[in-house]
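Below: the structure, in structure tokens.
Bear in mind that the values in this text are calculations on the coordinates, not laboratory data. Keep in mind the model is a prediction, meaning the values are calculated, not measured. So basically every Cβ, Gly included, is an ideal-geometry build from the backbone, and we count neighbours across all protein chains shown.
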Amino acid sequence: MVCAADAVGLGACQERTTGRPPALCAQERRDRSVPVQTAWLRDREALADIVSNCGLSERELARQASLGHATINHLLTGRRKSCSVMTARTIADVLGVDFSRLFVTWTR
């Protein structure tokens, strides 16, 4: 698989993946010209209310979303205000709400 660093002519990438969705390699992380999308939480309290209304604990949400408990805890407590788009979509899917109700995307 060719990484985005190869695609934009940055040279050979030593961190190619096989059989998995493409992820950022070290070269892509260093190169600011490769666009990266981030999901920003709109309202921490709204997320907490939805989790509570669904009757889920932080740990149960993390388990159902196949995420770490710390990721969920940090979003719910405000320690983190952003996450990957994939993480945000997974959380929204598990909670059964529209992605845009909880998150907004930003591309750098």
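Between Val36 and Arg59, what is 0.36 nm times their sequence separation minus the Cα-Cα distance? Round to one decimal in nm. Please report the intermediate quantities before stating the final value.
Values: separation 23, 0.36 × 23 = 8.28 nm, distance 2.82 nm.
Full extension of this stretch gives 5.5 nm more.
Neighbour counts of other C-beta atoms within 10 Å: give me Cys83, Cys54 arranged from fewest to most.
Working: Cys83 21, Cys54 14.
Final ranking by Cβ density, sparse to dense: Cys54, Cys83.
At R0 = 22 Å, how high is the FRET efficiency between Val97 and Ala70 if r is their beta carbon distance? Nearest 0.05 is fine. Walk me through the numbers on the way to the answer.
Details: r = 22 Å, r/R0 = 0.99.
Efficiency for this residue pair is about 0.50.
Taken over the Cα atoms of segment 37-107, the convex hull encloses 68 Å³ per residue.
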